[in-house]
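The values are calculated or read from the model by the stated rules, or taken from the named source; none is laboratory data. From a predicted model like this one, the values you see are computed outputs, not experimental measurements. A quick note on method: Cβ atoms are made from the backbone with ideal geometry, for glycine too, and the neighbour counts reach across all protein chains shown. Surface areas here come from the heavy atoms of the whole protein model, side chains and all, with no ligands, DNA or RNA. Shrake-Rupley method; radii C 1.70, N 1.55, O 1.52, S 1.80 Å.
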Amino acid sequence: MKVGHLTLGCKANSYDTDSILSSFEQKGYEIVRDHSPADIYVINTCSVTNVAERKSRQAIERVLKLNPEAIIVVTGCYAQVKPHEAENLKNVAVVCGTRDRKHIVELTEEYIKQHNKGLCVTENTKNYDFEDIDVISFDDKTRVQLKIQDGCDNFCSYCIIPYARGRACSKPVERVLEQVKYIASKGYKEIVLTGIHIASYGKDLKDCDLAKLITLIHEATEGTNVRIRLGSLDPRVVTEDFVTTVSKLERFCPQFHLSLQSGSNTVLQRMNRKYTAEQYANGVCLLRKYFSSPSITTDVITGFPGETDEEFAETLEFAKKIGFAKIHIFPYSKREGTVAAKMPNQVPHSVAVAREKALDAVQAQTGHDYISSFIGKTVSVLIEEEKVIDNKKYLCGYTPEYVYVRAEGDSTLSNTIVNVKIQNAGDSWAQGNII
Ligand code: SF4
């Protein structure tokens, strides 16, 4: 039988899908990753916003167009927070929660044999166990998202994730290193450490934290040119100790996606974010002290309940001061079940969108300035694709700072790391010659 998937949401979900498909593959099922017709579909859902939930339900309709008889398995955050709603959707045979993926193959086989629907959704507000499933094949060709952590204990007032993903927990160190060696042996050139709140890595383990784990991964891949990149980070992870440790590691990628959400301290307090704008800025200074051109990227919510014009002006000023390489901007969307959804002074969506536009103009400029700062410099680029742009064929890929670079060259260089001398830059790309 063929097993396909549709995955929504974050990088941790992509890894979870790889682990579920690997479980089917180890039982002899054929895995289809190109969205061609399959007998069984794993829909790995997201619940971060109401829109994400709607898209999760629509994903089922989309795959049923490919095969109206398909067996549907629903997992992920929407399955965790609304299991019975998911269970009653068309063709759904199995529903598994965010810590119950290990049961998916057996419940699916039970359904195939007996036609008994499967429902396994463990209540996870007190669940501290990292669900560790082997992954033998990955979706991406060049880099691997390696999930090292799950869950979150922060309860930001706008966020449903701690209720969907449970308590923060870590993948055991030796298991991480085992998987890192496996990934390197498969010829991948980059590993992205991902999770729900990777800054919490090691909180539940003895003598290990994120910086120590990165160092151990660097040692375990000694003699290779495997790059180590980090997923989204809580800005509180940026301490002198953390920065001095990782800045010594040659193959560590100096791209820091430090999730800010607002540049106003009063808004940060209402968000229950546990740092101030000043502390955030100090962390950025530290990174710029130890790395030559670190890339600082972030997320910002505009129109958070109660956000005044003055508070938003603070965010705009802060963004100009920091000079982000990229800002992912999200107009606030009320998420039922969160503290913020019940807050007074909800901001009209039109205002949130207008503020998104204003902030986008700032990030477009600071982003362009950041990419242009590489003109004249030689950078290392992991070539991952070939593209025709203005009738010319280019090799394209990313630098350690995650700058997108294009250069003319031979396609045999795909999945290799080359040096490129940067000649010019656009808003979202740099161009140069391979040297
Ligand atoms: S840190 Fe905050 S925003 Fe991020 S997953 Fe945890 S609760 Fe959600």
When both residues are 6+ apart or on different chains and their Cβ atoms are under 6 Å apart, which pairs have a first residue that lies in the stretch 24-43 and is under 12 Å from Leu64 (Cβ atoms), and a second that is among the aliphatic types (A, V, I, L, M) and not in a loop (DSSP other than H, G, I, E, B)? Pro37/Leu66; Ala38/Val3; Tyr41/Val63; Tyr41/Ile72; Ile43/Leu6; Ile43/Ala59; Ile43/Ile60; Ile43/Val74
Yes or no: the stretch 399-411 includes at least one residue that is on the phi > 0 side of the Ramachandran plot and at pLDDT 95 or above. yes
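Conditions (1) within 16 Å of the ligand (Cβ to nearest atom); (2) at pLDDT 95 or above; (3) open to solvent by 10 Å² or more (accessible area, probe 1.4 Å), marked per residue:
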position	(1), (2), (3)
Cys253	no, yes, no
His257	yes, yes, yes
Tyr275	yes, yes, yes
Gln279	yes, yes, yes
Val284	no, yes, no
Ser293	no, yes, yes
Thr315	no, yes, no
Ala319	no, yes, no
In the stretch 128-168, what residues are away from the ligand (no atom under 11 Å from the Cβ), hydrophobic (A, V, I, L, M, F, W, C) and more than 17 Å from the chain's Cα centre (by Cα)? Phe130, Ile133, Val135, Ile136
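Condition test on Lys181, is it outside any helix (DSSP H, G or I) and touching a Ser or Thr at 6+ places or on another chain (Cβ under 8 Å)? Write out each step before concluding.
Working: outside any helix (DSSP H, G or I): no; touching a Ser or Thr at 6+ places or on another chain (Cβ under 8 Å): yes.
Here the answer is no, as Lys181 does not meet what is asked.
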Against the definition (charged (D, E, K, R), free of Cβ contacts under 8 Å to residues at least 40 places away in the same chain and more than 14 Å from the ligand (Cβ to nearest atom)), how does Glu190 come out, yes or no? no
What are the pairs with Cβ atoms under 6 angstrom where one residue, in the stretch 226-239, is touching a residue at least 40 places away in the same chain (Cβ under 8 Å) and the other, located anywhere, is within 15 Å of the ligand (Cβ to nearest atom) and part of a strand (DSSP E or B)? Sequence gap at least six, or different chains. Gly231/Thr194; Ser232/His257; Pro235/Leu258
Here the residues within the stretch 302-313 that are open to solvent by 20 Å² or more (accessible area, probe 1.4 Å) and β-branched (Val, Ile, Thr) are Thr308
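Look at Lys181 and say whether it is charged (D, E, K, R) and within 16 Å of the ligand (Cβ to nearest atom).
no
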Please report, ordered by residue number, the strands (runs of 3 or more DSSP E) entirely within the stretch 68-151 with at least 2 residues that are open to solvent by less than 20 Å² (accessible area, probe 1.4 Å) and farther than 29 Å from Glu190 by Cβ. 71-76, 92-96
Using the structure shown, decide if Gly202 is in contact with an Asp or Glu (Cβ under 8 Å, 6 or more places away or on another chain), open to solvent by less than 20 Å² (accessible area, probe 1.4 Å), more than 10 Å from the ligand (Cβ to nearest atom) and modelled with pLDDT of 95 or more. yes
Anything in the stretch 215-251 that is part of a helix (DSSP H, G or I) and either within 16 Å of the ligand (Cβ to nearest atom) or in contact with an Asp or Glu (Cβ under 6 Å, 6 or more places away or on another chain) (or both)? List them, or say none. Pro235, Arg236, Val237
